[in-house]
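Accompanying notes for the structure given below.
The values are calculated or read from the model by the stated rules, or taken from the named source; none is laboratory data. Quantities reported herein were computed from a predicted structural model and do not represent experimental measurements. Cβ placement follows ideal geometry from the backbone for every residue including glycine, while neighbour counts extend to all protein chains displayed.
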Amino acid sequence: MSKFTTKGGASLFVVIFTTLVLTIISVGFTQLMLRNQDETQVSDLSQRAYNSALAGVEDAKRALVAYAKGDPKAASAIDNHSQECSSVSQALTGDDPSAYKETQVGNSDDNQAYTCVKITMQTDDYEGSVASDTPNVVPLEGTDKFNTITVSWFTASDAGATSDTANFYDPGAGLTTLPTVSEWQNANPAEDGDTNPGGTPPPILRVQYIPYGGDAEDLDSSSITKSAHTLFLYPYDTGTPTVTPSTLSFALDVRKNKDGKPMPTNCANSYSANLDGICEAKIAIPGDKAKGYLQITPLYNSTSFTVTLSKGANPVQFNGVEPIVDSTGRAADLFRRVSARVRVGGVSLPYPQASLNTSGNLCKNFSLKSATNEFDAGNPVCSPVSSDDD
């Protein structure tokens with residue numbers, strides 16, 4: 001009898017232990033499912049709240065376009081209430097700010113809205129990015145007159161660097177010749193020849209200052225104040241984000257100076273210490289200006305860049321050139337906030353447009369005739385050749 005009882009007790013213990021193990025597994029699996037379900041729901045709400053915030057940014061763009069076109073509702077809202085959550089609603093509808101409510105996004109069943117959108121018209125700088133050999137026009141309109149333009153460019157992300165130390169192309173004895181694209185991009189490879197931790201070197205930057213207003217023929221004139229001016233900024237590794245001389249001048253235009261060469265620009269060799277870009281150039285413009293244009297074209301590599309304005313030692317803010325939109329979106333009880341820089345070009349400060357832009361050879365025929373009926377437009381004789389074949 002004792003033996004039978006011992007066997008029965010052991011079996012009961014096994015059943016209880018197995019039941020406990022299965023219960024623990026079931027509870028753990030259930031908790032894991034619930035946790036994954038909560039994470040999925042939160043992720044979905046987060047994305048929907050982000051989309052709602054982006055909708056607020058898009059409405060802010062509409063308000064800025066209306067503002068640039070002189071709409072009185074938009075002018076009143078942005079000039080007087082840009083830092084209030086109701087600024088965009090006022091600009092688009094003219095609603096009383098005291099009656100402002102969040103703006104629904106999508107279907108009513110989605111429970112989405114943007115709750116607050118603010119617009120900052122005056123910004124400390126202008127940020128952008130531009131592909132290699134591609135011109136980018138930056139409108140220069142300040143809250144006050146300015147006489148110095150500072151350009152910073154090239155970050156670790158631009159270089160594709162895995163090391164904090166940047167690479168540079170060494171021009172050797174001077175700047176009399178320029179390397180090929182391949183030579184430039186593969187400067188200072190790692191010792192094993194397989195990788196380039198510092199990434200590609202910063203590009204030469206072609207910067208052109210274009211005065212605002214005046215006649216088109218003045219841009220190529222000898223007038224120091226009316227003509228356009230161009231500099232080529234050649235990056236050098238010196239360890240400090242300054243240039244030599246400390247402030248360059250667009251009056252040193254290489255196109256108008258037969259001895260002109262690319263301007264050596266000192267660049268820092270550490271990416272982490274120079275988040276706006278390892279290269280920096282301060283360039284004086286002829287006279288004090290309130291408006292103008294800066295065309296930036298990188299050679300050899302693409303780059304991001306930052307432009308700031310100043311009058312002497314005093315910084316000057318950009319006025320309405322690249323407004324910052326601060327938008328908060330909601331989905332159910334989850335909120336997301338985004339900050340976006342937006343550009344409304346071609347309205348208050350029209351961009352100069354090129355009638356022709358080419359990266360290849362361009363051929364032009366010029367003929368002098370005594371009468372207009374002597375021109376033969378149907379018999380072109382132009383045969384373009386590259387400069388190497390001249």
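Do any residues in segment 38-61 that are surrounded by 15 or more Cβ atoms within 10 Å (Cβ to Cβ) have Cβ atoms under 8 Å from those of residues that are assigned to a helix (DSSP H, G or I), where the two are at least six apart or on different chains, and which pairs are they?
ARG48/ASP110; GLY56/VAL88; ASP59/VAL88; ASP59/LEU92; ALA60/VAL88
So, restricting to helices (runs of 4 or more DSSP H) that lie completely within segment 1-102, which ones have at least 3 residues that are in contact with a strand residue (DSSP E or B) (Cβ under 7 Å, 6 or more places away or on another chain) and at pLDDT 90 or above? Quick ask: steps written out before the conclusion?
Numbers: elements: 2-68, 72-81, 87-93.
Of the helices (runs of 4 or more DSSP H) lying wholly inside segment 1-102, those with at least 3 residues that are in contact with a strand residue (DSSP E or B) (Cβ under 7 Å, 6 or more places away or on another chain) and at pLDDT 90 or above span 2-68.
What residue, among those in segment 296-328 that are in a strand (DSSP E or B) and aliphatic (A, V, I, L, M), is nearest to VAL344 (Cα to Cα)?
Step one: filter segment 296-328 for residues in a strand (DSSP E or B), giving 296-299, 303-311, 314-316, 318-328.
So of that shortlist, the ones also aliphatic (A, V, I, L, M) come out as 296, 299, 307, 309, 316, 321, 324-325.
Working: ILE296: 18, LEU299: 27, VAL307: 17, LEU309: 19, VAL316: 20, VAL321: 7, ILE324: 12, VAL325: 13 Å.
Taking the candidates together, the pick is VAL321.
For segment 62-84, which positions are surrounded by 19 or more Cβ atoms within 10 Å (Cβ to Cβ) and over 24 Å from the mean Cα position of the chain (by Cα)?
ALA74, ALA77, HIS81
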